[in-house]
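What follows draws every value from the coordinates through simple rules; no lab data is involved. Computed from a predicted model, the values in this text were never measured in an experiment. Cβ atoms come from the backbone with ideal geometry, glycine included; neighbour counts cover every protein chain shown.
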Amino acid sequence: MNKLSRFLLGLSLAATCVCMTAAQEMSPGSMSVPKVLQITREFTKPGKVGMVHEKAESAFVQAMARAKWPTRYLGMTSLSGKQRALFLTMYPSFEAWEKDLAAIAKNTALSAALDRAGMADGELLDSMDQGVFVFRDEMSLRPKADLAPMRYLEISAFHVRPGHGREWRELVKMVKAAYEKALPEAHWGVFEQMYGGDGGTYLVLTARKTLAEVDRASQNHEQFAVAMGEDGMKKLDELFAASVESSQHQVFAFNPRMSYVADEWIKADPDFWKPKAAAPAAKPAAEDKKAKP
């Protein structure tokens, strides 16, 4: 599969895409696509994943819940690439982000609890970084906002060559027009990195209920190719080669134990968003015998 095909596949998967919800508006009845998206990446040490990391992250969730903090975040773990966890915090503006940071700083009890949780969590991490992204409406197609029923997120990252933004915008415009024509149900959201990384980085975010949707992506690609025509596909190939320096495609699974989501999400699906704590493992019969006097 060539680079252009991977790009088109990344967008074709977005036929069931829903984009991020604004942090202060996460109830299903009042959702909107956020203008500002903060992504924290935690790269865990070998063997420090699963329940070990979930237990450390639950301290953050509990601290926010005790404080009844209005800003919510969504945690997920990698199914591809290096083992890591992502935490997505969503804001309607940079001003809202500033106010949230200032409020946390003023809340000494919450700040202290987050500091303690951070120290314990840091023992499990190999590294951590943060990026801030802004929503690009002109590059997005019919973005939706309800993530509550979703379980996976695909992130396709594209790094545009310096000085080739015009070709990139033309490429996205052509792709968007073809999908509007061929796949009326298609949706995707595009975010451009503003802080914390290389310039010219764009994310195409795709959320889905099941990974079976990936199996159907090739059908969308075929419909797209028909809509573009042979000349159009050739033009796209040229634009991609001229504008895209590199691309990556990763998939993550939502992790409810690492997420601080709205009460409405939990009420809608408590089995997933508020899982019961795992029961302690039963002792072997031989061990019980030894324990008895």
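Name the shape class, rounded, prolate or oblate, that the alpha-carbon gyration tensor gives for segment 118-188, where a ≥ b ≥ c are the square roots of its eigenvalues, rounded holds for a/c under 1.5, and otherwise prolate holds if a/b is larger than b/c and oblate otherwise.
Note, shape of segment 118-188 comes out oblate.
How do the peptides 48-57, 170-179 rank, highest first, by the average count of neighbouring beta carbon atoms within 10 Å per residue? Kindly include the intermediate steps, with their values, before the conclusion.
Numbers: 48-57: 17.0, 170-179: 19.7.
Most protected by this proxy first, the peptides run 170-179, 48-57.
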